[in-house]
Amino acid sequence: MSATDQLASLRQQLAARFPTTTRAAGRALATGIAAIDDATAGGLPLGAVTEIVASAPSCGVSLLWGQLLAAARAAQLRAALVDAGDEFDATSFPADLLAHLVWVRCRSVTESLAATDLLARDANFGLVLFDLRYAPVRDLRRVPSTSWYRLQRAVEPTDLALVVATPTACVPSAQLRLELDQSTQFDDLERERAVLTSQLTPQLQRQRRSLAAAS
């Protein structure tokens, strides 16, 4: 048997032993936030990149992070947070939400992209939050589009929801893009966190089929 025939035989054996599972389109992680779940296909798409554009100061991204971590806990999923600016305040979240959270503290956009790429390929996670809100816009604009599409390709065959928070729209591979454009008012600080979370109203900017589903 030639080397070519041996390779073909090996591929057939591997395909028979490890069959490819076809994932249905439209899979989503329900967030529990009506403005998101009702406007989308039931929540954040799995096997895809979601971009959250935080275009206003104090617009509720931390509230969103807390709700997404709660949703991940309810679904018994492990979560990771890539903190590009080392800005995450763990003390402002209930301890039970952080019990299964991997917090990756980075010092640059390049470093945080590399960390996110590794996590996106780890089958142990169901939710990865990538916080670039405080990254310099000039650094974000220097990120080649191939880096964002690399992340998309990494998550496509998984059951992972990858959520990227940015100060301005800059993730061309995002299947879903939402914008938080309303700042929290001073009087709102006296209200319960759960109430403020329920009142988040991110605006739908983009929702498209994944390349995998389209093909």
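The values are calculated or read from the model by the stated rules, or taken from the named source; none is laboratory data. Nothing here was measured: the structure is a model prediction, and the numbers come from that model. Because the Cβ atoms are built from the backbone with ideal geometry, glycine has one as well, and the counts that use them run over all protein chains shown.
I'd like the residue in region 72-129 that is touching a residue at least 60 places away in the same chain (Cβ under 8 Å) and not small (G, A, S) and, out of all such residues, is surrounded by the fewest Cβ atoms within 10 Å (Cβ to Cβ). Break it down into steps so the answer makes sense when it comes.
Here is the first cut: in region 72-129, the ones touching a residue at least 60 places away in the same chain (Cβ under 8 Å) are 126-127, 129.
Cutting the leftovers down to not small (G, A, S) gives us 127, 129.
Numbers: L127: 23, L129: 27.
Restricting to residues being touching a residue at least 60 places away in the same chain (Cβ under 8 Å) and not small (G, A, S), the top hit is L127.
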One residue from D117, D122, D86 being touching a Lys or Arg at 6+ places or on another chain (Cβ under 7 Å) and either within 20 Å of V61 (Cβ to Cβ) or part of a loop (DSSP other than H, G, I, E, B) (or both): D86
Checking T20 against (1) part of a helix (DSSP H, G or I); (2) at pLDDT below 65, the condition it does not meet: (1)
Number of positions in region 71-82 that are among the hydrophobic types (A, V, I, L, M, F, W, C) and touching an Asp or Glu at 6+ places or on another chain (Cβ under 9 Å): 4
The lone exception for R150 - which of (1) touching a strand residue (DSSP E or B) at 6+ places or on another chain (Cβ under 8 Å); (2) at pLDDT 95 or above it fails: (1)
Test set (1) modelled with pLDDT of 90 or more; (2) over 21 Å from T166 (Cα atoms) - A80 fails condition number: (2)
Failed item in (1) over 13 Å from the mean Cα position of the chain (by Cα); (2) more than 15 Å from F130 (Cα to Cα), with P45 passing the rest: (1)
Residues of region 63-80 satisfying the condition of being more than 20 Å from S173 (Cβ to Cβ) and under 14 Å from the mean Cα position of the chain (by Cα): L64, W65, G66, Q67, L69, A71, A72, L77, R78, A79
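Out of the residues in region 42-71 that are in contact with a helix residue (DSSP H, G or I) (Cβ under 8 Å, 6 or more places away or on another chain) and in a loop (DSSP other than H, G, I, E, B), state the one that is surrounded by the most Cβ atoms within 10 Å (Cβ to Cβ). Walk me through it before giving the result.
Filtering region 42-71 for residues in contact with a helix residue (DSSP H, G or I) (Cβ under 8 Å, 6 or more places away or on another chain) gives 43-44, 47-49, 52, 54, 60, 62-64, 66-67, 69-70.
Then keep just the ones that are in a loop (DSSP other than H, G, I, E, B); that gives 43, 47, 60.
Numbers: G43: 21, G47: 22, G60: 24.
If we take residues in region 42-71 being in contact with a helix residue (DSSP H, G or I) (Cβ under 8 Å, 6 or more places away or on another chain) and in a loop (DSSP other than H, G, I, E, B), then G60 is surrounded by the most Cβ atoms within 10 Å (Cβ to Cβ).
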Residues that are under 12 Å from Q203 (Cβ atoms), assigned to a loop (DSSP other than H, G, I, E, B) and in contact with a strand residue (DSSP E or B) (Cβ under 8 Å, 6 or more places away or on another chain), drawn from region 170-186: D181
